[in-house]
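The structure's right below; bear with me while I get my questions together.
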Amino acid sequence: MQELLREDLRGRTPYGAPQLDVPVALNTNENSYAVPPAVVDDIVAAVAAVASGLNRYPDREFTDLRGDLAAYLSRSGTTVGREQVWAGNGSNEVLLHLLQAFGGQGRTALGFTPAYSMHPIIAATTGTTWVDGMRGVPGGGAFDLSVESTVAQVEQADPHLVFLCSPNNPTGTALPLEIVGAVLEAAPRAVVVVDEAYAEFARPGTPSALTLLDGRPRLVVTRTMSKAFAFAGGRLGYLAADPELVDALRLVRMPYHLSTPTQAIARAALGHADTMLGTVDVVKAQRDRIVDTLAGLGLDPVPSDANFVLFGGLRDSHTTWQALLDEGVLVRDVGIAHYLRVTAGTPEEVTAFLDAVAALGPDHL
Ligand code: PMP
(Lines give C-alpha, C1' and ligand atoms only; values in the text may rest on other atoms or scores of the structure.)
Protein backbone atom coordinates (compact mmCIF):
# COMPACT_ATOMS: atom_id res chain seq x y z
CA MET A 1 0.00 0.00 0.00
CA GLN A 2 2.91 2.35 0.77
CA GLU A 3 3.75 2.52 -2.94
CA LEU A 4 0.22 3.75 -3.72
CA LEU A 5 0.38 6.44 -1.07
CA ARG A 6 1.35 10.02 -1.86
CA GLU A 7 5.18 10.18 -1.62
CA ASP A 8 5.10 12.95 0.99
CA LEU A 9 2.87 10.89 3.32
CA ARG A 10 4.91 7.66 3.20
CA GLY A 11 6.35 6.61 6.54
CA ARG A 12 4.43 9.23 8.51
CA THR A 13 2.73 8.40 11.82
CA PRO A 14 -0.92 9.34 12.39
CA TYR A 15 -2.08 11.35 15.41
CA GLY A 16 -2.39 8.74 18.11
CA ALA A 17 -3.13 9.74 21.71
CA PRO A 18 -3.99 6.32 23.22
CA GLN A 19 -7.72 5.82 23.96
CA LEU A 20 -7.41 3.32 26.81
CA ASP A 21 -10.08 2.23 29.28
CA VAL A 22 -8.39 3.29 32.51
CA PRO A 23 -9.74 4.58 35.85
CA VAL A 24 -7.95 7.95 35.53
CA ALA A 25 -7.64 9.29 31.95
CA LEU A 26 -5.66 12.53 32.03
CA ASN A 27 -4.02 12.44 28.62
CA THR A 28 -6.09 14.46 26.14
CA ASN A 29 -6.92 17.67 28.01
CA GLU A 30 -10.64 17.02 28.06
CA ASN A 31 -12.84 18.40 30.82
CA SER A 32 -13.41 15.48 33.24
CA TYR A 33 -16.85 16.70 34.31
CA ALA A 34 -19.94 15.24 32.62
CA VAL A 35 -22.43 17.52 30.88
CA PRO A 36 -24.89 18.65 33.61
CA PRO A 37 -28.41 17.13 33.47
CA ALA A 38 -30.20 20.41 32.62
CA VAL A 39 -27.98 20.82 29.57
CA VAL A 40 -28.43 17.16 28.62
CA ASP A 41 -32.20 17.72 28.60
CA ASP A 42 -31.89 20.68 26.26
CA ILE A 43 -29.46 18.81 24.00
CA VAL A 44 -31.89 15.89 23.72
CA ALA A 45 -34.78 18.27 23.04
CA ALA A 46 -32.71 20.09 20.39
CA VAL A 47 -31.97 16.83 18.57
CA ALA A 48 -35.64 15.78 18.81
CA ALA A 49 -36.68 19.11 17.33
CA VAL A 50 -34.53 18.70 14.23
CA ALA A 51 -34.84 14.92 13.73
CA SER A 52 -37.80 14.98 11.34
CA GLY A 53 -35.94 17.47 9.13
CA LEU A 54 -32.92 15.20 8.64
CA ASN A 55 -34.17 14.39 5.13
CA ARG A 56 -32.88 17.87 4.20
CA TYR A 57 -29.31 19.14 4.17
CA PRO A 58 -28.30 21.34 7.09
CA ASP A 59 -27.98 25.13 6.87
CA ARG A 60 -24.73 25.29 4.91
CA GLU A 61 -23.94 28.67 6.42
CA PHE A 62 -24.75 27.56 10.01
CA THR A 63 -26.04 31.09 10.44
CA ASP A 64 -27.66 30.77 13.86
CA LEU A 65 -24.71 28.87 15.29
CA ARG A 66 -22.32 31.53 14.01
CA GLY A 67 -24.47 34.15 15.70
CA ASP A 68 -24.35 32.23 18.99
CA LEU A 69 -20.58 31.76 18.76
CA ALA A 70 -20.12 35.47 18.01
CA ALA A 71 -22.24 36.33 21.04
CA TYR A 72 -20.21 33.94 23.19
CA LEU A 73 -16.90 35.48 22.07
CA SER A 74 -18.28 38.98 22.58
CA ARG A 75 -18.78 38.18 26.27
CA SER A 76 -15.02 38.64 26.65
CA GLY A 77 -15.45 42.37 25.97
CA THR A 78 -14.29 42.34 22.34
CA THR A 79 -17.29 42.59 20.04
CA VAL A 80 -17.18 39.87 17.38
CA GLY A 81 -19.74 39.83 14.56
CA ARG A 82 -21.36 36.74 13.05
CA GLU A 83 -19.65 37.44 9.71
CA GLN A 84 -16.27 37.15 11.51
CA VAL A 85 -16.97 33.62 12.74
CA TRP A 86 -16.29 30.29 11.05
CA ALA A 87 -16.71 26.80 12.53
CA GLY A 88 -15.90 23.17 11.87
CA ASN A 89 -16.00 19.69 13.37
CA GLY A 90 -13.50 20.55 16.08
CA SER A 91 -10.90 23.28 15.72
CA ASN A 92 -8.79 20.69 13.91
CA GLU A 93 -11.14 21.05 10.94
CA VAL A 94 -11.00 24.81 11.17
CA LEU A 95 -7.18 24.58 11.10
CA LEU A 96 -7.47 22.29 8.07
CA HIS A 97 -9.63 24.86 6.28
CA LEU A 98 -7.02 27.54 6.98
CA LEU A 99 -4.22 25.38 5.58
CA GLN A 100 -6.29 24.36 2.55
CA ALA A 101 -7.06 27.98 1.77
CA PHE A 102 -3.74 29.67 2.59
CA GLY A 103 -1.19 26.83 2.49
CA GLY A 104 -0.71 24.02 -0.04
CA GLN A 105 2.00 22.98 -2.49
CA GLY A 106 4.87 25.44 -2.69
CA ARG A 107 3.75 27.28 0.42
CA THR A 108 5.25 27.35 3.89
CA ALA A 109 3.87 27.31 7.43
CA LEU A 110 5.97 28.13 10.48
CA GLY A 111 5.31 27.01 14.06
CA PHE A 112 7.38 26.98 17.23
CA THR A 113 8.13 23.54 18.63
CA PRO A 114 7.04 22.10 20.98
CA ALA A 115 3.50 23.19 20.19
CA TYR A 116 0.28 21.44 19.16
CA SER A 117 1.33 18.30 17.30
CA MET A 118 -1.52 18.55 14.78
CA HIS A 119 -0.29 21.84 13.30
CA PRO A 120 2.53 20.14 11.33
CA ILE A 121 0.40 17.05 10.65
CA ILE A 122 -2.45 19.07 9.11
CA ALA A 123 0.13 21.12 7.19
CA ALA A 124 1.53 17.88 5.75
CA THR A 125 -1.88 16.61 4.66
CA THR A 126 -2.36 19.78 2.62
CA GLY A 127 1.11 19.56 1.05
CA THR A 128 2.25 22.67 2.93
CA THR A 129 5.96 22.79 3.79
CA TRP A 130 6.36 22.92 7.58
CA VAL A 131 9.15 24.89 9.19
CA ASP A 132 9.91 23.98 12.79
CA GLY A 133 10.76 27.16 14.68
CA MET A 134 12.47 26.97 18.05
CA ARG A 135 11.51 28.05 21.54
CA GLY A 136 13.74 29.07 24.40
CA VAL A 137 14.89 32.41 25.73
CA PRO A 138 18.45 32.85 27.01
CA GLY A 139 18.17 33.32 30.75
CA GLY A 140 14.42 32.58 30.56
CA GLY A 141 12.22 29.54 30.21
CA ALA A 142 13.23 26.74 27.85
CA PHE A 143 9.78 26.87 26.25
CA ASP A 144 9.27 30.64 26.16
CA LEU A 145 9.29 32.78 23.04
CA SER A 146 10.86 36.22 22.89
CA VAL A 147 9.91 38.93 20.41
CA GLU A 148 13.48 39.01 19.05
CA SER A 149 13.85 35.30 18.43
CA THR A 150 10.32 34.93 17.05
CA VAL A 151 10.71 37.84 14.64
CA ALA A 152 14.14 36.60 13.49
CA GLN A 153 12.73 33.14 12.73
CA VAL A 154 9.68 34.57 10.95
CA GLU A 155 11.86 36.83 8.78
CA GLN A 156 14.12 33.90 7.92
CA ALA A 157 11.22 31.60 6.92
CA ASP A 158 9.08 34.25 5.17
CA PRO A 159 6.06 31.93 5.63
CA HIS A 160 2.53 32.01 4.21
CA LEU A 161 1.12 30.96 7.58
CA VAL A 162 2.41 31.30 11.13
CA PHE A 163 1.00 29.18 13.95
CA LEU A 164 1.17 30.58 17.45
CA CYS A 165 -0.47 28.66 20.27
CA SER A 166 -1.60 30.49 23.40
CA PRO A 167 -1.81 29.01 25.98
CA ASN A 168 0.63 26.67 24.28
CA ASN A 169 0.04 22.93 24.17
CA PRO A 170 1.99 21.05 25.57
CA THR A 171 3.90 23.64 27.61
CA GLY A 172 0.85 25.45 29.03
CA THR A 173 2.08 29.02 28.96
CA ALA A 174 0.25 31.91 27.31
CA LEU A 175 1.95 34.19 24.82
CA PRO A 176 2.49 37.92 25.36
CA LEU A 177 0.34 39.75 22.80
CA GLU A 178 3.28 41.88 21.68
CA ILE A 179 4.64 38.73 19.99
CA VAL A 180 1.47 38.40 17.91
CA GLY A 181 1.74 42.01 16.77
CA ALA A 182 5.44 41.64 16.02
CA VAL A 183 4.85 38.47 13.97
CA LEU A 184 2.16 40.18 11.89
CA GLU A 185 4.63 42.95 11.07
CA ALA A 186 7.56 40.62 10.41
CA ALA A 187 5.54 38.37 8.06
CA PRO A 188 3.82 40.79 5.70
CA ARG A 189 2.33 38.07 3.46
CA ALA A 190 1.34 35.60 6.19
CA VAL A 191 -1.93 34.61 7.76
CA VAL A 192 -1.12 34.52 11.48
CA VAL A 193 -3.11 31.93 13.42
CA VAL A 194 -3.31 32.13 17.21
CA ASP A 195 -4.63 28.80 18.46
CA GLU A 196 -6.46 29.66 21.68
CA ALA A 197 -8.01 26.24 22.39
CA TYR A 198 -7.33 26.73 26.12
CA ALA A 199 -8.01 30.48 26.41
CA GLU A 200 -10.73 30.18 29.06
CA PHE A 201 -8.24 28.66 31.53
CA ALA A 202 -5.70 31.49 31.32
CA ARG A 203 -4.60 33.17 34.51
CA PRO A 204 -5.76 36.76 35.06
CA GLY A 205 -3.86 39.37 33.06
CA THR A 206 -3.56 37.17 29.98
CA PRO A 207 -5.48 38.96 27.23
CA SER A 208 -6.77 37.07 24.21
CA ALA A 209 -5.58 37.84 20.68
CA LEU A 210 -9.27 38.58 19.99
CA THR A 211 -8.45 42.06 21.30
CA LEU A 212 -6.07 42.54 18.33
CA LEU A 213 -8.50 41.53 15.56
CA ASP A 214 -9.75 45.01 14.76
CA GLY A 215 -7.73 46.41 11.84
CA ARG A 216 -5.61 43.27 11.39
CA PRO A 217 -7.14 41.38 8.44
CA ARG A 218 -4.47 38.63 8.44
CA LEU A 219 -4.99 37.62 12.07
CA VAL A 220 -7.03 34.52 12.96
CA VAL A 221 -7.95 33.35 16.46
CA THR A 222 -9.09 29.73 16.76
CA ARG A 223 -11.11 28.38 19.68
CA THR A 224 -12.90 25.17 20.57
CA MET A 225 -15.79 23.89 22.66
CA SER A 226 -13.72 20.76 23.45
CA LYS A 227 -11.83 22.01 26.50
CA ALA A 228 -13.25 24.58 28.95
CA PHE A 229 -16.70 24.11 27.43
CA ALA A 230 -16.62 20.38 28.25
CA PHE A 231 -17.96 19.44 24.81
CA ALA A 232 -15.18 17.45 23.13
CA GLY A 233 -17.62 14.80 21.90
CA GLY A 234 -19.78 17.47 20.25
CA ARG A 235 -16.90 18.26 17.84
CA LEU A 236 -17.26 21.98 17.48
CA GLY A 237 -14.33 24.31 16.91
CA TYR A 238 -14.42 27.82 15.52
CA LEU A 239 -12.43 30.89 14.64
CA ALA A 240 -12.75 34.65 14.54
CA ALA A 241 -11.14 36.70 11.78
CA ASP A 242 -11.80 39.38 9.20
CA PRO A 243 -15.02 38.70 7.21
CA GLU A 244 -13.07 38.54 3.93
CA LEU A 245 -10.74 35.87 5.31
CA VAL A 246 -13.74 33.93 6.60
CA ASP A 247 -15.32 34.21 3.17
CA ALA A 248 -12.27 32.55 1.59
CA LEU A 249 -12.79 29.45 3.74
CA ARG A 250 -16.03 28.72 1.85
CA LEU A 251 -13.83 27.77 -1.10
CA VAL A 252 -12.36 24.76 0.70
CA ARG A 253 -15.03 23.46 3.06
CA MET A 254 -17.16 20.53 2.02
CA PRO A 255 -20.76 21.55 1.45
CA TYR A 256 -22.86 21.07 4.60
CA HIS A 257 -19.83 20.12 6.71
CA LEU A 258 -21.63 20.85 9.99
CA SER A 259 -24.49 18.39 10.37
CA THR A 260 -27.91 19.49 11.56
CA PRO A 261 -27.49 17.63 14.91
CA THR A 262 -24.03 19.16 15.40
CA GLN A 263 -25.43 22.65 14.91
CA ALA A 264 -28.39 21.93 17.17
CA ILE A 265 -26.43 20.44 20.07
CA ALA A 266 -23.74 23.12 19.93
CA ARG A 267 -26.42 25.82 20.10
CA ALA A 268 -28.10 24.04 23.00
CA ALA A 269 -24.78 23.91 24.88
CA LEU A 270 -23.98 27.55 24.08
CA GLY A 271 -27.38 28.47 25.51
CA HIS A 272 -25.99 27.19 28.83
CA ALA A 273 -22.57 28.81 28.56
CA ASP A 274 -22.33 29.71 32.24
CA THR A 275 -23.24 26.18 33.32
CA MET A 276 -20.91 24.59 30.78
CA LEU A 277 -18.06 26.78 31.99
CA GLY A 278 -18.99 26.14 35.61
CA THR A 279 -16.08 23.78 36.25
CA VAL A 280 -13.34 26.04 34.87
CA ASP A 281 -12.41 27.45 38.28
CA VAL A 282 -12.26 23.98 39.86
CA VAL A 283 -10.04 22.78 37.03
CA LYS A 284 -7.76 25.83 37.34
CA ALA A 285 -7.40 25.18 41.08
CA GLN A 286 -6.43 21.55 40.35
CA ARG A 287 -3.92 22.73 37.74
CA ASP A 288 -2.28 25.02 40.30
CA ARG A 289 -2.35 22.21 42.86
CA ILE A 290 -0.53 19.95 40.39
CA VAL A 291 2.17 22.59 39.81
CA ASP A 292 2.67 23.21 43.54
CA THR A 293 2.66 19.56 44.56
CA LEU A 294 4.97 18.37 41.79
CA ALA A 295 7.42 21.15 42.62
CA GLY A 296 7.28 19.99 46.25
CA LEU A 297 8.13 16.46 45.08
CA GLY A 298 11.28 17.75 43.42
CA LEU A 299 9.92 17.68 39.87
CA ASP A 300 9.99 20.57 37.43
CA PRO A 301 6.44 21.64 36.45
CA VAL A 302 6.01 24.43 33.89
CA PRO A 303 3.63 27.21 35.08
CA SER A 304 0.37 26.81 33.16
CA ASP A 305 -2.46 28.95 31.77
CA ALA A 306 -4.25 25.85 30.48
CA ASN A 307 -6.01 22.78 31.92
CA PHE A 308 -2.84 20.71 31.90
CA VAL A 309 0.70 20.78 33.24
CA LEU A 310 3.93 19.77 31.55
CA PHE A 311 6.39 18.51 34.11
CA GLY A 312 10.06 17.65 33.81
CA GLY A 313 12.76 16.20 36.00
CA LEU A 314 12.10 12.59 34.98
CA ARG A 315 14.91 10.20 34.24
CA ASP A 316 13.01 8.55 31.40
CA SER A 317 9.58 9.79 30.26
CA HIS A 318 8.38 6.49 28.87
CA THR A 319 9.32 4.44 31.94
CA THR A 320 7.43 6.84 34.20
CA TRP A 321 4.49 6.98 31.77
CA GLN A 322 4.24 3.19 31.99
CA ALA A 323 4.63 3.15 35.79
CA LEU A 324 1.75 5.63 36.14
CA LEU A 325 -0.36 3.62 33.70
CA ASP A 326 0.29 0.50 35.79
CA GLU A 327 -1.39 2.44 38.63
CA GLY A 328 -4.37 3.21 36.37
CA VAL A 329 -3.33 6.80 35.58
CA LEU A 330 -2.98 7.65 31.90
CA VAL A 331 -0.94 10.79 31.15
CA ARG A 332 0.64 11.94 27.89
CA ASP A 333 4.12 11.29 26.64
CA VAL A 334 4.47 14.24 24.27
CA GLY A 335 7.87 13.18 23.01
CA ILE A 336 9.94 15.67 25.03
CA ALA A 337 12.75 13.85 26.81
CA HIS A 338 12.38 13.89 30.63
CA TYR A 339 8.89 15.44 30.49
CA LEU A 340 5.28 14.24 30.66
CA ARG A 341 1.99 16.16 30.40
CA VAL A 342 -0.99 15.66 32.69
CA THR A 343 -4.52 17.07 32.36
CA ALA A 344 -6.07 18.74 35.40
CA GLY A 345 -9.12 16.58 36.12
CA THR A 346 -11.42 16.33 39.11
CA PRO A 347 -9.84 16.65 42.60
CA GLU A 348 -10.14 12.86 42.97
CA GLU A 349 -8.38 12.18 39.67
CA VAL A 350 -5.64 14.65 40.50
CA THR A 351 -5.18 13.03 43.92
CA ALA A 352 -4.83 9.64 42.22
CA PHE A 353 -2.23 11.10 39.87
CA LEU A 354 -0.28 12.90 42.59
CA ASP A 355 -0.34 9.83 44.84
CA ALA A 356 0.97 7.71 41.97
CA VAL A 357 3.78 10.22 41.33
CA ALA A 358 4.67 10.41 45.03
CA ALA A 359 4.90 6.62 45.10
CA LEU A 360 7.36 6.47 42.20
CA GLY A 361 10.70 5.03 43.22
CA PRO A 362 13.92 7.09 43.18
CA ASP A 363 14.88 5.49 39.87
CA HIS A 364 12.28 7.68 38.13
CA LEU A 365 13.64 11.05 39.23
N1 PMP B 1 -5.59 23.21 19.34
C2 PMP B 1 -4.94 22.76 20.41
C3 PMP B 1 -3.82 23.57 20.96
C4 PMP B 1 -5.32 21.56 21.03
O5 PMP B 1 -4.63 21.12 22.08
C6 PMP B 1 -6.38 20.82 20.47
C7 PMP B 1 -6.84 19.50 21.06
N8 PMP B 1 -5.97 18.79 21.79
C9 PMP B 1 -7.02 21.33 19.34
C10 PMP B 1 -6.60 22.52 18.80
C11 PMP B 1 -8.11 20.59 18.64
O12 PMP B 1 -9.21 20.35 19.40
P13 PMP B 1 -10.64 20.09 18.78
O14 PMP B 1 -10.46 19.58 17.38
O15 PMP B 1 -11.25 19.10 19.67
O16 PMP B 1 -11.32 21.43 18.79
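The values are calculated or read from the model by the stated rules, or taken from the named source; none is laboratory data. What you see is a predicted model, and the numbers here were worked out from it, not measured in a lab. Ideal geometry is used to build each Cβ from the backbone, glycine not excepted, and the neighbour counts take in all protein chains shown.
Output yes when any residue across the stretch 92-102 is surrounded by fewer than 18 Cβ atoms within 10 Å (Cβ to Cβ) and assigned to a helix (DSSP H, G or I), and no when none is.
Within the stretch 92-102, none of the residues are surrounded by fewer than 18 Cβ atoms within 10 Å (Cβ to Cβ) and assigned to a helix (DSSP H, G or I).
Take the stretch 156-182 and flag every residue that is closer than 25 Å to Gly90 by Cβ and away from the ligand (no atom under 16 Å from the Cβ).
Going through the stretch 156-182, the residues closer than 25 Å to Gly90 by Cβ turn out to be 159-175, 180.
Of everything in the stretch 156-182, those that are closer than 25 Å to Gly90 by Cβ and away from the ligand (no atom under 16 Å from the Cβ) turn out to be Pro159, His160.
Residues to consider are Ala87, Ala51; find the one that is part of a helix (DSSP H, G or I) and at negative phi.
Numbers: Ala87 fails: part of a helix (DSSP H, G or I).
Answer to the check: Ala51.
Further question on the same structure: Only one of (1) without any contact (Cβ under 8 Å) to a residue 40 or more places away in the chain; (2) more than 30 Å from Ser117 (Cα to Cα); (3) surrounded by fewer than 14 Cβ atoms within 10 Å (Cβ to Cβ) fails for Met1. Which number is that?
That leaves (2) as the condition not met.
Considering only residues that are assigned to a strand (DSSP E or B) and surrounded by 16 or more Cβ atoms within 10 Å (Cβ to Cβ), which ones fall in the stretch 114-141?
Those that are assigned to a strand (DSSP E or B) and surrounded by 16 or more Cβ atoms within 10 Å (Cβ to Cβ): Thr129, Trp130, Val131, Gly133.
Looking for something within 16 Å of the ligand (Cβ to nearest atom) and surrounded by 10 or more Cβ atoms within 10 Å (Cβ to Cβ) - is there at least one such residue anywhere in the stretch 38-50?
Of the residues in the stretch 38-50, the ones within 16 Å of the ligand (Cβ to nearest atom) are none.
No, that holds for no residue.
Every residue, every condition in (1) among the β-branched types (Val, Ile, Thr); (2) within 21 Å of Pro120 (Cβ to Cβ), yes or no:
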position	(1), (2)
Ala157	no, yes
Leu177	no, no
Val180	yes, yes
Glu200	no, no
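While we're looking at this one, here's another question. Give the stretch 187-213 a look and list any residue that's buried (at least 24 other Cβ atoms within 10 Å of the Cβ), closer than 16 Å to Val80 by Cα and away from the ligand (no atom under 12 Å from the Cβ), or say none.
Hit for the stretch 187-213 is Ala209, nothing else.
Right, another one. Kindly indicate which of Ser149, Ser76 is in a helix (DSSP H, G or I) and surrounded by fewer than 21 Cβ atoms within 10 Å (Cβ to Cβ).
Ser149
Next question. Determine the pairs where a residue that is without any contact (Cβ under 8 Å) to a residue 40 or more places away in the chain, located within the stretch 103-129, has a partner that is among the polar types (S, T, N, Q) and surrounded by fewer than 18 Cβ atoms within 10 Å (Cβ to Cβ) with Cβ atoms under 6 Å apart, the partner being 6 or more residues away or on another chain.
From residues that are without any contact (Cβ under 8 Å) to a residue 40 or more places away in the chain, the pairs are Thr129/Thr108.
Ok, one more. Scan Val22, Val50, Val85, Val80 and give me the residue that is of a type in the set (Val, Ile, Thr) and not assigned by TED's automatic domain parsing to the domain that holds Leu236.
Answer to the selection: Val22.
Here is a list of conditions, (1) modelled with pLDDT of 90 or more; (2) more than 15 Å from the ligand (Cβ to nearest atom), and Asn29 meets all of them except one; can you say which number that is?
(2)
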